[in-house]
Every structure is written in structure tokens, then in C-alpha cells.
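The values are calculated or read from the model by the stated rules, or taken from the named source; none is laboratory data. This structure is a prediction, so every number in the text was calculated from the model and none was measured. Methodologically, a virtual Cβ is constructed for each residue, glycine included, from the backbone with ideal geometry; neighbour enumeration extends over all protein chains shown.
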């Protein structure tokens, strides 16, 4: 395995969805298990960052070789969740050269895109490798940060997440187009739309 750690962000309250997004049915499993089945092929250092609904999600992770990070202050926003995840990853594996941040609610992203992100990574090159919608002027997660940015990632707070750093260091960005959708899902309507797209793709 490579020297990259993976953070799977799954700490949000899912308020607009009306139920915990990580536990939504996806194919023959749950959304979070689907994501782990992909991400564990990329790294043997996978950290799942939980917050809201963690009591119901933790038992689902018992069959997976992952580290769990619980953010008790998840209401403060994704920035704090990322900071805690990076802190745990660096403390557990101080040798890691990069951290890939993925979101639990982007299920249409396939293995090929994640592999493309990793293929662009050059250790100690101070890169921020971000995903870009091929047909739209949008970029963001999944995103891979070089270890140069670990200290600042650990200071994040609020709702801005890691995009705050990406905007600050635009000269370090490497944009990788994604052939599938980067769309996330916050509502039942978006969930059903993405499920239909996934069924057509398969």
C-alpha cells in the first residue's frame, strides 16, 4: 500500500435528508459501506470521521479495518471534523505523505477517479490535488493534500472545510477531471436521483 491516509467524512447531521446519510441503502449495502469498499482498495490507513448519529454508525463499521474518529462538536461544521481526522491520522501514522479527503455522500465517484488522483501525487511537492467536474466549472472533494498542509488542516473550523486552503493556495492546485458525477446528496430527491443514475451506470 502507498503512504497516503484516507479520511471519509461522515459527521454531519443529515438534517435535510431526514435520516442519517451514511446508513441509507445503496445497492445491497449501506452508503458508508459502499464508500469503504472503494476507499479500502486505495489505502490501508482509512479513518472514518463521525459525529451525529455515531451510535448507529459505529456498529456498521465493525467488519471493516478502519479507525474511527468521533467529533462531539460536529455542529461546529466540517472544518472541525477535518481537523480532528487529520490530527488522528498524523498521530497514528506520522510517516504519511498525504491525506485524501472523501465525502460519504458522493457515491457515484468510482475507483478510476480515485486512482487518477493518487497517480498525480508527488511526495513533498506541496500539491493540493482536487476533483473537477468535467462538464462544469466546479472543483472540490475528493481532494488530496500533501503533508506540507497538515498543520493548517488541523486548524480548520466552521463550515468552510478544506476548500478554504485550496482557495488560499491556488498555485498549488492540480485539477483532475472526473468522468462520473461529483454530485453529493443532501435531500431525499437528490438521493433518489443519484440511485437512478447509479442503476443506469451499472
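Things to note:
- Put simply, of 85, 79 the only residue that is surrounded by 23 or more Cβ atoms within 10 Å (Cβ to Cβ), touching a residue at least 24 places away in the same chain (Cβ under 8 Å) and part of a helix (DSSP H, G or I) is 85.
- Here the helices (runs of 4 or more DSSP H) wholly within the stretch 95-202 that include at least 1 residues being at pLDDT below 90 and out of contact with any strand residue (DSSP E or B) (no Cβ under 6 Å at 6 or more places or on another chain) are 163-168, 188-201.
Quick grid of which residues meet (1) in contact with a helix residue (DSSP H, G or I) (Cβ under 7 Å, 6 or more places away or on another chain); (2) buried (at least 16 other Cβ atoms within 10 Å of the Cβ); (3) within 18 Å of residue 90 (Cα to Cα):
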| site | (1), (2), (3) |
| --- | --- |
| 112 | no, no, no |
| 134 | no, no, no |
| 142 | yes, yes, no |
| 155 | yes, no, yes |
| 159 | yes, no, no |
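- When the stretch 15-38 is filtered for residues that are in contact (Cβ under 8 Å) with a residue 12 or more places away in the chain, in a loop (DSSP other than H, G, I, E, B) and either surrounded by fewer than 14 Cβ atoms within 10 Å (Cβ to Cβ) or touching a strand residue (DSSP E or B) at 6+ places or on another chain (Cβ under 7 Å) (or both), the ones remaining, listed by number, are 16, 18, 20, 24.
- Applying a threshold of 6 Å to beta carbon distances and a minimum spacing of six or more residues, or different chains, the list of pairs starting in the stretch 163-177 at a residue that is over 16 Å from residue 148 (Cβ atoms) and ending at one that is part of a helix (DSSP H, G or I) and at pLDDT 90 or above reads 176/116; 176/117.
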